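These notes are about the structure you will find just below.
What follows draws every value from the coordinates through simple rules; no lab data is involved. These numbers were taken from a predicted model, which means no experiment stands behind them.
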Amino acid sequence: MLRRLAPSLAALVLVAACRHQPPPGTPRPLAAQAGMRFTVTLESSPSTGYRWYLAAQPNPAVVRVVSSEYRQAPAQSVGAPGDEVWTFDALAPGTATLAFEYKRPWNADAPPAKFQTFDVRVSPAGKAASASGAPVPY
């Protein structure tokens, strides 16, 4: 009897676990203070030809792109995925959307393999950062 119930229980646990995960591409909220520098980290595997690109420039009155760089995971073999770390400055109170596309640069007509957005809310200095200075969800 237990052997017959095991697949059903496994499926139920999987459905319950998936229920708590946001759907792919769902905007993730971020909060930052004006004058603060913050980062967005996205898993990346450039050896496959894919990279993250900004789909559109964010609101230039609220945030500014500082840099992006690839960081290979420590103690991983060549070709293993790592992270693309995008750095931004929060300039002034307001909102901005950071929309990223994961695509191959030579295949511009193909839809992105992944898409991720972040809804950034920048508050006046002293109002929204965590103790560590990292952006916090709102």
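Structure summary
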item: Volume per residue of the C-alpha convex hull in region 23-123, rounded to whole Å³; result: 104 Å³
item: Theoretical gain in end-to-end length, Ala56 to Tyr70 [0.36 nm per residue, Cα-Cα removed]; result: 3.0 nm
